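What follows is calculated from the coordinates using simple rules that are stated; it is not laboratory data. This structure is a prediction, so every number in the text was calculated from the model and none was measured. Positions of Cβ are backbone-derived with ideal geometry, glycine not excepted, and every protein chain shown enters the neighbour counts.
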Amino acid sequence: MTLSSQKTYLGELKNTALGDFRLAASDLGLLAVEWADSQPELDSYLLRLKRPIESNQKIIQPYAKELGEYIKGKRREFTFPIDWSSLRPFQLKALKMVFGIPYGEIRTYADIAIQINHPNAYRAVGRANATNPMPIVIPCHRLIGRDGKLHGYGGGDGLKTKEWLLKLEGAVIA
């Protein structure tokens, strides 16, 4: 099956401590997670993929279940597949490294830049995370600045949401 012949399936996760979410998946795995109040951003992202879109809560349910369990503090890692095919090469490299940050741990943007062999590209790592299509699942909330402080988070209520997620995981931040 070619990428362009794949469908995108849409569904939702409602009434979590962080609000309502919209989720998108393909036959390869999870494609996107977005807060419901950011629907235009999700629509724009999915349009760029140029795939047929179909509402299908049954296909989305396993993803919604695990995300819901994580937000309730009952899950530390996700076991579902991820569809990485829509990411550009640098973003793919950076986000796969971020995906590997263990639950409850933090790294700096510079740490990720070094790990992907682009030691001066910490700003580009920040940009890759700012356009992360699967926040929470690809845990960009686990990234902090070199100064030890929280910087940038586009989901939910911004830095308050990032702080909430880190507290949920028991991460120690300055």
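Here are some notes:
- Structure-derived volume of the Cα convex hull per residue in Å³: which label, when the choices are [x] 171; [y] 106; [z] 130: [y]
- Cα gyration tensor category, rounded, prolate or oblate, for region 99-144 with a/c compared to 1.5: oblate
- Gyration tensor verdict on region 3-71 (Cα atoms; rounded if a/c is under 1.5, prolate if a/b is larger than b/c, oblate otherwise): oblate
- For the residue pairs K14/K93; K96/K162; K7/K162, the alpha carbons lie more than 24 Å apart in K14/K93; K7/K162.
- The loop-placed trypsin sites (Lys or Arg not before Pro) in region 78-174, going by DSSP, that have at most 14 neighbouring Cβ atoms within 10 Å of their Cβ come out as R146, K149.
- Using the rule -39500 (n - 2.57) for each DSSP H run of four or more residues, divided by the residues of the chain, the 222 nm mean residue ellipticity is -11000 deg cm²/dmol.
- In sequence order, region 11-16 has phi-based couplings of x, 9, 10, 10, 6, 8 Hz under the Karplus curve 6.51 cos²θ - 1.76 cosθ + 1.60, θ = phi - 60°, and Gly or Pro positions carry x.
- Region 89-169: relative contact order in percent, alpha carbon pairs under 8 Å with at least 6 residues between: 30
- As a calculated quantity, the FRET efficiency between E12 and K96 at R0 = 41 Å, using C-beta atoms, amounts to about 0.95.
- Taking each residue as 0.36 nm, the span from S44 to K74 lengthens on full extension beyond its C-alpha to C-alpha distance by 7.6 nm.
- Loop GluC sites (Glu not before Pro), region 69-123 (other Cβ atoms within 10 Å of the site Cβ: 11 or fewer; DSSP): E77
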